[in-house]
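One structure is given below, encoded as C-alpha cells.
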Amino acid sequence: MHAAVVVFPGSNCDRDLAVALQRAGARVTMVWHKDTALPQGVDLIAIPGGFSFGDYLRCGAIAANSPISQSVKAHAEKGGYVLGVCNGFQILTETRVLPGTLLRNAGLKYICRPVDLTVTTAGSPFTCRYEAGQTITVPIAHHDGNYHADSDTLAALADQDRIAFRYVRNPNGSVDDIAGILSENRRVLGMMPHPERMAEPAHGGTDGAAMFAGLVDQLANA
C-alpha cells in the first residue's frame, strides 16, 4: 500500500504519521505542499497535524489553498482514501472534503493530553480493526478542535453511521462529543486526536496502531 504524507510549512506530525504507516507495512512518500501532483499509484493521502502556516487567518485555511490541496480534493472526489489528523482534519473541512468546521476549544485554551474515545463504528477501512463501542486512548493536542456543523449535517452523520469516534469526556466542546467523522463513501476520515502518537509501545500505548494496520490490510487488498 502506497501512502503520501503531505507536508506544509508548520506541519510537525508528518514524520510521526509516516513512521506509523511504515510500521504497519505501507510504502510512504513525503509530498511538499507546493507540488501540484501526487505520486503515481498513491492509495492513501495522509494530512498530518501541526500548525500549517502558523494557523494564521484560520486553522487550515491557507493550507487549503496550497497547490497540492487541489490534488488532494480531486483524489477524494474520485473515490481515493484520505486521512486528516488534527490540522489535517481542519484542512479537510476548509477544502469542503468533509462537512462542518473546527472552532476554538470551549475553554479557549490549548489542550494536550491523552483522552478516551469511543469507537462509534467499525464499518470503515480506518476503524475495521476496532469494535463498535470499544474504548481506546489517543492523545489530543489542539487549540481549535471544537467540531460544529448545522443540524442537517449532524443528522446525516448520525443517520449514515459516519461518526467514527466520540469523546468519552468531551475536552473541547465538540457538538455531540464528535472526535472524528467519515465522508459519505467512508473513504475519508478526519479526526482531531492523534493515533500516530499512540502507535508503538514507546509511546506508552498502542491503541492507534490498529488504525494503520487496518488501512494497510484493506487498501493493499483492494
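Brief remarks on what is shown
- Expressed as a whole percent, the accessible area of region 2-220 that falls on carbon and sulfur atoms is 48 (1.4 Å probe).
- Local electrostatic count, residue 160, Cβ distance below 13 Å [Lys/Arg +1, Asp/Glu -1]: -2
- Helix-only mean residue ellipticity at 222 nm for the chain, each DSSP H run of n ≥ 4 adding -39500 (n - 2.57), per residue, nearest 500: -6500 deg cm²/dmol
- Calculated P(r) of region 91-190 - Cα pairs past 20 Å, %: 34
- Taking each residue as 0.36 nm, the span from residue 159 to residue 184 lengthens on full extension beyond its C-alpha to C-alpha distance by 7.9 nm.
- Accessible surface, per residue, of region 2-220 when the full set of protein chains is kept, probe 1.4 Å, Å²: 41
- For P(r) over Cα pairs in 5 Å bins from 0, in percent, calculated from these coordinates, the label among [x] 1, 6, 13, 18, 18, 15, 11, 8, 6, 3, 1, 0, 0; [y] 1, 7, 12, 14, 15, 14, 12, 9, 6, 4, 3, 1, 1, 0, 0; [z] 1, 8, 17, 22, 23, 18, 10, 2, 0: [z]
- Relative contact order computed over the chain (Cα-Cα under 8 Å; 6+ residues apart), in percent: 20
- Coordinate range of the alpha-carbon atoms in region 1-119 per principal axis, descending: 43, 30, 25 Å.
- Backbone geometry of region 195-207 corresponds, through the Karplus equation with coefficients 6.51, -1.76 and 1.60 at θ = phi - 60°, to 3J(HN,Hα) couplings of x, 5, 8, 9, 10, 7, x, 4, 7, x, x, 10, 5 Hz, x marking Gly and Pro.
- Solvent-accessible surface of protein heavy atoms, probed at 1.4 angstrom with all chains present, puts 81, 167, 56 in the order 56, 81, 167, largest first.
- In the chain, taking the dipole from charged Cβ atoms about the Cα centre, the farthest positive-side position among 67, 167, 191 is held by 67.
- Span from the region 105-119 Cα centroid across to the region 140-165 one, whole angstrom: 15
- Only lysines eight or more places from residue 34 in sequence, or on another chain, were considered; those with a Cα closer than 18 Å are 73.
- All other residues whose Cβ lies under 14 angstrom from that of residue 213 are scored, Lys and Arg at +1 and Asp and Glu at -1, for a net of -2.
The values are calculated or read from the model by the stated rules, or taken from the named source; none is laboratory data. Everything quoted here is computed from the prediction, not taken from an experiment. Don't worry about glycine lacking a Cβ; one is built from the backbone with ideal geometry, like all the others, and counts go over all protein chains shown. Side chains included, ligands, DNA and RNA excluded: accessible areas come from the protein's heavy atoms. Shrake-Rupley method; radii C 1.70, N 1.55, O 1.52, S 1.80 Å.
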